[in-house]
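The values are calculated or read from the model by the stated rules, or taken from the named source; none is laboratory data. These figures come from a predicted structure and were not determined experimentally. Positions of Cβ are generated from backbone atoms using ideal geometry, with glycine treated the same way; all protein chains shown enter the neighbour counts.
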Amino acid sequence: MRQAIGVVLGVPFFLCNLFLTPLSHADEISEIQTLKQQVQTLQRTVEQLQQTIQTMQQRLGTATGSPPLAQSPTRQHTPSPAESPLDRAVQALESGQPHGGQPRGGQPRAGQETGLWSRRFGSTTLRLLDLALNALVAAGGSTRREEALQTLQGGGHDPRKRGFTLQNVELSLMGAVDPYFTGETHLIYFIEPLEGESIFELEEAFLTTTSLPYGLQLEAGQFFTEFGHINPRHPHAWDWQDQPVITTRLFGPDGMRGPGFRLGWLMPTPWFSELHFGMQNANGETMASFLASEEFYEERAIAGRFFRERDVRAPKDIVYLSRWNSSWNVSDSFTSGIGFSGVYGPNATGPDGDTWIYGMDMKWRWHPVNNFRGWPFLLWQSEIMQRDFRADRFFDDSNPNEVIDLPGRTLHDWGFYSQLLYGFRYGWAAGLRYEYAGGSGVSLGGRKNDPFRADRQRVSPLLVWHPSEFSRIRLQYNFDYANHFAGNRDAHSVWVGLEFLYGAHPAHSY
């Protein structure tokens, strides 16, 4: 905008120079006609320039997670004494340089090097790629042996081995595909704790639009389901080292994710308010409460039910998501947020089996206006959720000596966690988390003996030290009370976690 104003301000200087010069009547008419043509051409050019600048600023502003575009030094244009302000303005427009020097947006001129991960679109250079690697490693022990730890610490990226656990190594790539899309990909590696097997996974790979009208944004590809706070976030974005028990039960050890799309609408309200609607495939081991996979059902069968293959034949065979979340500033130092989520889809117990999961989440953050790099702060976060799992009737008389007849029933599982984290001095924080998970409806062999449905409670104090913004050390103690353990139901675990990051990792949602 300032470049366009500079061009327009050159017009009066040109007019002054023109009319102060003696002209004949015929010459004056000819010069006026020429001047009108030049001014009209200049006005059209300025309008086009303003539209281009505004459009590119909007597109770049919506490309979240991308750092500001770096400026490159350029040689200043030195006008000759014979050049009028209008001549210099026209030359600036033709060269893509505003009146007086630097190219628009601080970008190099055409033909100049823009860097390995950049690309020019017209007069604008887009940063194409942010590359980062994040690693989580834990060490510690528990009063329970390693086989029992797999049910006690059920998350796929929890510390769940006496000694050392390589929880997660994540390679993240994010950048602008073109002015209309950004892309994001996350590749992960970890070591299976019991067998020592190396696991490589494509965790997420999706496109996000940057310029849809009416506050809309479309996300398509492979991604985490936008349910609550914990499920859509990667392990390094968690405050504690392990995911809550109820999250593991409802969404599986690796969280709920799959291919599909999500449409978001930023509502026109005075505060931040957003609606989400999405659809994803219901099958695969990352869809624990839905079609999952036969191998997953054999390992973590809900209520001991049998896996029954189910194809996608109708819209009811897809998982559907709806979510509303909002946040607002109560004061200059206090921010609050609340959200409601729901997912619905089929499960693998039969053609009439389906699952509902719904929940509410909240997050409150306090930090004084005169904080130092975000310290001190107080963060309170909670989620409560429930699953209604309608198991279809199962009948099998293929073996006359063992007829299986399981009636249809709805199983309910619910739980919550609440955590408080206090950043008491720069780089240091301490917190406390409480969790509960329970349910109703009979599992085969009894719900209290089912490690994935029995009543659970956990208390977890936490101490955190940030040596810098690229590293974090956490000391966490877990006291568990788990009904599925025979005899003594207590478990005590201590974990020390190290996290380090290098590169420019994409920003996370509030």
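Annotations for the structure displayed:
- The conditions of being within 19 Å of the chain's Cα centre (by Cα), closer than 30 Å to residue 465 by Cα and among the β-branched types (Val, Ile, Thr) are not met by residue 210.
- Residues within segment 346-398 that are acidic (Asp, Glu) and within 20 Å of residue 310 (Cα to Cα), tallied: 5
- Matching residues, segment 289-328, being touching an Asp or Glu at 6+ places or on another chain (Cβ under 9 Å), part of a helix (DSSP H, G or I) and farther than 26 Å from residue 452 by Cα: 316
- The test for being over 15 Å from residue 244 (Cα atoms) and out of contact with any strand residue (DSSP E or B) (no Cβ under 9 Å at 6 or more places or on another chain) does not hold for residue 439.
- Where residue 388 falls short, out of the listed (1) of a type in the set (D, E, K, R); (2) modelled with pLDDT of 95 or more; (3) surrounded by 18 or more Cβ atoms within 10 Å (Cβ to Cβ): (3)
- Hits in segment 369-384 (condition: surrounded by fewer than 15 Cβ atoms within 10 Å (Cβ to Cβ) and among the aromatic types (Phe, Trp, Tyr)): 372
- Residue within segment 343-356 that is under 18 Å from residue 223 (Cβ atoms), free of Cβ contacts under 8 Å to residues at least 40 places away in the same chain and not aromatic (Phe, Trp, Tyr) present: no
- Top-ranked residue in segment 334-368 [being more than 30 Å from residue 410 (Cα to Cα) and either outside the structural domain of residue 413 (by TED's automatic domain parsing) or exposed (fewer than 15 other Cβ atoms within 10 Å of the Cβ) (or both); ranked as farthest from the chain's Cα centre (by Cα)]: 368
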